[in-house]
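Coordinate-derived values only; no laboratory data. Note that the structure is a prediction, hence the values are computed from the model and not measured. With ideal geometry, Cβ positions are generated from the backbone for all residues, glycine too; neighbour counts draw on all protein chains shown.
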């Protein structure tokens, strides 16, 4: 399927919050519609016979990662994780202990697993092109749409007054540079640190988001991210990615161990809702 196009112009670093202070809302934004987007796995015709699963499955889109260094923006979509289960009245009986998530990447389709007894190949599997042609396709439906920006002060007030469903409505467009490549990530913000109204110091917002896709050394990795913003400027961004393992029994046992600190000057952070 055709992937969506590019997003709007970028604001870099502290210029973002200076703009937020000068106006109630930042500029108009567009974003992939992760609020209602979805992924379908094994969506093809299953012409490969018994070598392919007999079922398809559908998940929400957890986050979208866009790579900007190849001319046309390249999109990757992360689905919802699932514990290993079988199709029977006792879905967990006799199943291995690992969780699984599917990725439709810009360079192929992936299955990422996390568990104590996985081999590296099981832990990180790129779906063979021949298998995709036989029907094991990953289909992404997540079109671009206009969204409503949320300025720093506006979001802080919303968190303090807590209107119904507020935390379910906050999303983040996060541009940053990593390894000489520019990316934009789109994700929900379901966990946000903020100061009480009695707090006398400089106001701040610190969303923690995950799982998201992190791209490092030409490899997709599952990660969590934490972004720290203050009322006067951008303070910092770090990702903590799942460690890569190289031995069978130890594969996947490391969990989220590898910390990456992003250059603050490269960051473009915008909150929004659909």
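A few notes on this one:
- Modelled label positions at residue 266 and residue 133, each set 7 Å beyond Cα in the direction of Cβ, lie 3.7 nm from each other.
- Computed Kirkwood radius, in angstrom, where 1/r is averaged over Cα pairs of region 38-141: 14.8
- Note: region 31-96, Cα convex hull, 157 Å³ per residue.
- Residue 162 paired with residue 99, simple spin-label distance in nm, labels 7 Å along Cα-to-beta-carbon: 2.5
- Inter-label distance, residue 85 to residue 153: 4.7 nm, where each label sits 7 Å from its Cα along the C-beta direction.
- Relative protection proxy for 51-61, 97-107, from highest mean packing down: 97-107, 51-61 (other beta-carbon atoms within 10 angstrom).
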